[in-house]
1. Restricting attention to the range B:201-219, and to residues there that are surrounded by fewer than 23 Cβ atoms within 10 Å (Cβ to Cβ) and assigned to a helix (DSSP H, G or I), which single residue is nearest to the chain's Cα centre (by Cα)?
2. So which residues in the range B:259-284 are buried (at least 24 other Cβ atoms within 10 Å of the Cβ), away from chain A (no Cβ under 11 Å) and either closer than 22 Å to B:Phe391 by Cβ or of a type in the set (Phe, Trp, Tyr) (or both)?
3. Could you check the range A:245-274 and list, in sequence order, the residues that are within 7 Å of chain B (Cβ to nearest Cβ) and touching a Lys or Arg at 6+ places or on another chain (Cβ under 7 Å)?
4. Quick one: is B:Tyr475 more than 9 Å from chain A (Cβ to nearest Cβ), crowded, with 24+ Cβ neighbours inside 10 Å and more than 15 Å from the chain's Cα centre (by Cα)?
5. Only one of these is closer than 27 Å to B:Ile244 by Cβ and buried (at least 24 other Cβ atoms within 10 Å of the Cβ): A:Gly234, A:Gly249. Name it.
6. Taking the range A:187-204, which residues are surrounded by fewer than 23 Cβ atoms within 10 Å (Cβ to Cβ) and in a loop (DSSP other than H, G, I, E, B)?
7. Within the range A:150-160, is there a residue that is touching a Pro at 6+ places or on another chain (Cβ under 9 Å), on the phi < 0 side of the Ramachandran plot, within 14 Å of chain B (Cβ to nearest Cβ) and polar (S, T, N, Q)?
Amino acid sequence: MSDRLAVRKTYKLYVNGAFPRSESGRTYEVADAKGHFLANAAWASRKDARDAVVAARGAFAKWSGMTAYNRGQVLYRVAEMMEGRHAEFCEEVAAGEGLSGSKARAAVDAAVDRWVWYAGWTDKLAAVLGGANPVAGPYFDFSMPEPTGVVAVLAPQRSSLLGLVSVLAPVLAAGNTAVVVTSKERPLPAVTLAEVLATSDVPGGVVNVLTGDAEELGTWLAEHADVDGIDLTGAPAGRAMEFEREAAGTVKRVLRPPATEPEWTDDPGLARMTPFIETKTVWHPIGV
Amino acid sequence: MTSLFEYAPAPESRSIVDIAPSYGLFIDGEFVDGTGEPFKTVNPATEEVLSQVSAGSDADVDRAVAAARRAFTRVWGPMRPADRGKYLFRIARLMQERSREFAVLESLDNGKPIRESRDVDVPLAAAHFFYHAGWADKLDHAGLGPGPRPLGVAGQVIPWNFPLLMLAWKVAPALATGNTVVLKPAETTPLTALLFAEICQQADLPPGVVNIVTGAGDTGRAVVEHDDVDKVAFTGSTEVGRSIARAVAGTRKSLTLELGGKAANIVFDDAPIDQAVEGIVQGIFFNQGHVCCAGSRLLVQESVHDEVIASLQRRISTLRVGDPLDKNTDLGAINSAEQLARIHELSDIGEAEGAQRWQPDCVLPDRGFWFPPTIFTQVSPAHRIARDEVFGPVLSVLTFRTPDEAVAKANNTTYGLSAGIWSEKGSRILKIANQLRAGVVWANTFNKFDPTSPFGGYKQSGYGREGGRHGLTGYLKGATHS
């Protein structure tokens, strides 16, 4: 062992491509699975959530306007960058989730592979979900998938990296921008993922990462008029129904939480992309 | 203005319909009396009472849901999919056979011109059944994931603007995918749904597969909030849609909503103006503007504004407002006194806020509910008539200079149901169509519908689609696209 004193990292929020502290100045202690201090994480406030929504809205035109091929390459780049910081993720996941080295490695591997899986989806969604409609008249009529807009994602509380990637990547692959609330007690891998995103050609504002309490941030995001959809996967027990009610005020698309957090190792299918995809149908006359 | 050609009255005979003095609810294959306070349905063109209709109480809704559940578990769920399809084909054919009866009844109860009920509402309703009939035994091939399964009992609440067509949009996909139905028609337009119940009997549809419970808001609430309903589908106002989404929150119920709209109809300076004017008229005056996807905000490029408005006024002056059963009628009656009051209120606010009202000279009938075709110019995006859904024959005209401004103004709304683009330039149309945040975009046409073509909104115009392969997903377990 070297006797060099380590340079520790300050864990901050990720908003609009930058790493600010919470405007509130609040932090909270993050401990490992055994209760030992790991770091102080930023405790995101209502104002931070609003700033994140503004950033996500601002980034939407650019991200959704990219070609699907380009978006796919950017998401693939995320996988490449994660691979390079594999050891750091393993350490954080093992500490936060109390996993053995091999289990933590498996989780990180799966998280990297999940980005690869979704990266390959961006330029196939239109073919799978859209198509021509044979209307009974002289019209060319076609339907195509489009992203819903700004999606708030309450990331799983238990699976701090694989779970997080499993809920975030589909939202991005569909072309949405995201405001993510991390696991409250296990937020560190999310901040490291934010550092990966910042160096992966993902435009600033496309993903905004808030560490803190999904209970309070969830309320504000569910009622926010400029949020178009919300994934309640990580909503604290007993609060999902209330968040869904608040989301109804602006007719948000709501992805309800599973009864219990899944293992995240199954084939994800399309089920996490389609809730945040709209179908647009365009008509044009033929021959007149 | 004196008209160049006078029209002789050409009324469609109403003798083809036989309206009973009173109607019960249709539960478990039979007409039964409701236990709620019965209500009257009137002809909005004359205020004549057409019939008295049962209102479903909580207990009635309970019975209807129980019948639907029984039918789902014992008959409709286990049935061979091909046989389910055959029932739907039968229904489509029966609707075609009795199409004139449906059309006359729809115009009597709703107030819409017979030309529309006869040529649009009823044929499209039959087409919806015919289209979905074919899906019943092909769901495994629809690309909606492995082994799609029905949800169970669907509770459906529909509006008064297209009573039979909205019934078809709801019932046909639900049945094709193996669900059973409790449908609540709108309070002011229950009659064609009750005639449809007769069709179900003629088709020998097993009892309980389709249940029709008439009534007002309370009946609808009982359907939506019933514990044994697995799926809720609603078409109506955004306000009611929000409250339904709230009521369904935290339950297992799957929900689709088709809500209000404030569609932009964008006319560029290179548009074919005569065609555009026809499209503007069709966009806002079709069905008296009682259309959620109506092109109620006209965005005209500044350089052609005067030309478009002059041409539009000329065209509107030739529209015939009056007897819905007259085959020459272009605009029928406003559906209810309540809706008429809302149109008056918003139009008055439009004037008070500084917009300029224009209406053609037109004589309105003495009795019934009427509103002349109306356009407001000098409308600013902040005006209520540019933001609120009027749901009547009232067009707000705004202008723009650049395509970017047109898109910004078009998207400056909480709604996102539909939009129109008029231009001769293909690349422009495709670019603008991409930028509009709306579920249906009509380019060089407007207000076109087809069972194969998914319909539904972005933003606060709701979620889920009706029609096409997409429309099936709202009625299937684990179906993976919307």
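The values are calculated or read from the model by the stated rules, or taken from the named source; none is laboratory data. Keep in mind it's a predicted model, so treat the numbers as computed, not measured. So basically every Cβ, Gly included, is an ideal-geometry build from the backbone, and we count neighbours across all protein chains shown.
1. Here the answer is B:Gly217.
2. Once the filter is applied, which keeps residues that are buried (at least 24 other Cβ atoms within 10 Å of the Cβ), away from chain A (no Cβ under 11 Å) and either closer than 22 Å to B:Phe391 by Cβ or of a type in the set (Phe, Trp, Tyr) (or both), the range B:259-284 yields B:Gly261, B:Lys262, B:Ala263, B:Ala264, B:Asn265, B:Ile266, B:Ile280, B:Gly283, B:Ile284.
3. Selection gives A:Arg245, A:Ala248, A:Gly249, A:Val251.
4. Spelling it out, B:Tyr475 is indeed more than 9 Å from chain A (Cβ to nearest Cβ), crowded, with 24+ Cβ neighbours inside 10 Å and more than 15 Å from the chain's Cα centre (by Cα).
5. Selected residue: A:Gly234, the only one of A:Gly234, A:Gly249 that is closer than 27 Å to B:Ile244 by Cβ and buried (at least 24 other Cβ atoms within 10 Å of the Cβ).
6. A:Thr199, A:Ser200, A:Asp201, A:Pro203, A:Gly204
7. There is no residue in the range A:150-160 that is touching a Pro at 6+ places or on another chain (Cβ under 9 Å), on the phi < 0 side of the Ramachandran plot, within 14 Å of chain B (Cβ to nearest Cβ) and polar (S, T, N, Q).
Residue by residue, here is whether (1) away from chain B (no Cβ under 14 Å); (2) at pLDDT below 95; (3) within 30 Å of B:Tyr131 (Cβ to Cβ); (4) surrounded by fewer than 17 Cβ atoms within 10 Å (Cβ to Cβ) holds:
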position	(1), (2), (3), (4)
A:Ala41	yes, no, no, no
A:Ala52	yes, no, no, no
A:Thr67	no, no, no, yes
A:Leu75	yes, no, no, no
A:Ala79	yes, no, no, no
A:Glu83	yes, no, no, yes
A:Ser100	yes, no, no, yes
A:Asp109	yes, no, no, yes
A:Gly130	no, no, yes, no
